[in-house]
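Only one structure is covered here, and it is reproduced in the block below.
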Amino acid sequence: MDTSQYLEMFIEESKEHLQSCNEQLLALENHPEDIGIVNEIFRSAHTLKGMSATMGYDDIAHLTHEMENILDRIRNEQLGVTTNLLDVVFQSVDVLEEMVIDIASGGSGKKDVQLLVKRLKEIESGNSSIEETAATTVSDVEAAQLHYDEFERTVIAQSLEQGFSAFEIQVELREDCLLKAARVFMVFEVLEKHGEVIKTEPGVEQLENEDFGQRFLLVLLTNESVDKIQSLIQKVSEVEKVSIHPVQNEAAPAEEKVIEQQLGSQSETGHPQPEKPVLSERGNQPTGLHAVSKTIRVNIDRLDGLMNLFEELVIDRGRLQSIAGTLQNPELTETVERMTRVSGDLQSIILNMRMIPIETVFNRFPKMVRQLARELDKKIKLTIVGAETELDRTVIDEIGDPLVHLIRNALDHGIESPAERAAQGKPMEGNITLRAYHSGNHVFIELEDDGAGINREKVLEKAIANGLVSPEMTDSMTDHQVAELILSSGFSTAEEISDVSGRGVGLDVVKTTIESLGGSISIRSTSGQGSLFQVQLPLTLSIISVLLVELGTEVYAVPLSSIIETAVIHRSEVMDVHHQQVIDFRGSIVPIVFLKDIFDLPREQQEDDYYSVVIIRKGDQLAALVVDSFIGQQEIVLKSLGNYLQSIFAVSGATILGNGQVALIVDYNALIK
């Protein structure tokens, strides 16, 4: 059977099941007596086993089968939940993730899992033995007895009084069935053309998520005969057996002969059929299985393609606005204004489609914190706040690694050992809070700990040794300035190299990555009380608001998010301080930068008496950029300069203006640095 068409679906669903396993294992560690959590892990492992076996990934299937055996013994109270047991299961999930990532990268997904399998079997055999068979999920229905609530009994009774028939139908799928949810949907589709499904076991959401074994139950109200119902289901491929029980007025199965039909040679090709759009036959109202699903999966490449097309539309919109302003034709102006409003709404919709909850990044951290805390012999509690906060996919893709560095730094340098915390009168368990929230056109991510804080003397000693500051400068530096020294390249206060820190690589990478995303990072720390790392990021990187300025005959764009205000100053206001030209801006001494000098553009022989300046900010640092004139605010499409032009100083990209001219985008981070 050709399974290549299902590869992408297999990869995505496998990642979801493995993430669920990680989350539930962490919950199980805190609540080892909760069998419901064990059942959730079991269902994810069982589904992954079935999918991987069908797709031919035997190593994944083998390892998940052994995990199932362990989980089955736990839920049957034949094994207790211990730290060592959880460590091995966590390690198994890590290996499974590696194999799935290998498959996603075009690999075979093969890995030597014999050692892990052996360890799982050793744990399994440590208690009373059980028969080693392939486990079935809790949701499997073996000769199940449905239980009806009062409303369901009333509906069935009224339907029977009106001449309808009520049937309990048990459908068993073949062991090698691919995409069980699709088979369930096809059964519902044919049945709901001839009746109404009023109940399912397991529930609708579990059926859609394939959280069941090979069997499921449904209750159908219909005017059709048993033979007709049987023949309808028989037409669905990959159905192994159907059992139909007529329901009596008391909503209990009648003591009648069970009608069973083995479905084999009568079925169709046996190959999976593509899923169809979900539409009800009764006035487009969702019914049965269809009531829950209101979302679809879209390949991210399609969204990227849609975004690229819209970016071209933004460029053309700017061109039309320029033409309309030149021609001053009322009808053209009105049309362009309407197009601008409509395209603005379209822009919001497209950008929202690309937004992804940051929980897709945050989800990896609880397990990482657990593992690192054990390695460092520390007790640490991680609290996540605002995981539902959404960011553009391009930002999501890049922010994961910087956050990993920040968390590792907090665990190693921030949180003290239990003995040190106890000696200081602190709880032995340290606390780390990871939070995300929106503010204006930015997303803020904060990592806060209640650890030791940043040791000013230790940081300054290392900074002087590295030549970052001179001894004379240290007395005038604020705690905030000292704290941000740890973001310097190669900076580390670790006294010995370990797997966690001390290699001089880390927070400088964080700073560089965040600034490349158009963001910034700041640090607040109080010695003995803890630290707060705050990361500020733009909501999106594709379309940004800028201020267009002129330098001679050239047009440049300054990101609006970096601008405090614009001003016109007299030449006499410019002062020389320590070989640096500065101005007094609202009581603050601000360095002044002539952009023409930065970009090697000719300056007039006789300069004007007044300068047009743009005041920009990065964190708590300011700079005044001197330009020839201001053009105005505009939304532009950010375009990369490509691999050959990566090293151009103070330029982060380019855009195409409405008149076809190319404008370079000023990298304010580089200028302030």
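Coordinate-derived values only; no laboratory data. This is a predicted model, so every value here is computed, not measured.
Full extension of the chain between Asp112 and Asp401 gives 101.3 nm of extra length, using 0.36 nm per residue less the Cα-Cα distance. In straight-distance terms, cross-link reach from Lys367 covers every one of the lysines whose alpha-carbon lies under 30 Å from its own, apart from those fewer than eight places away in the same chain; here that gives Lys15, Lys49, Lys110, Lys111, Lys118, Lys121, Lys378, Lys379, Lys381, Lys426, Lys511. Computed over segment 301-354, the quotient of the alpha carbon radius of gyration and 2.2 N^0.38 Å is 1.28.
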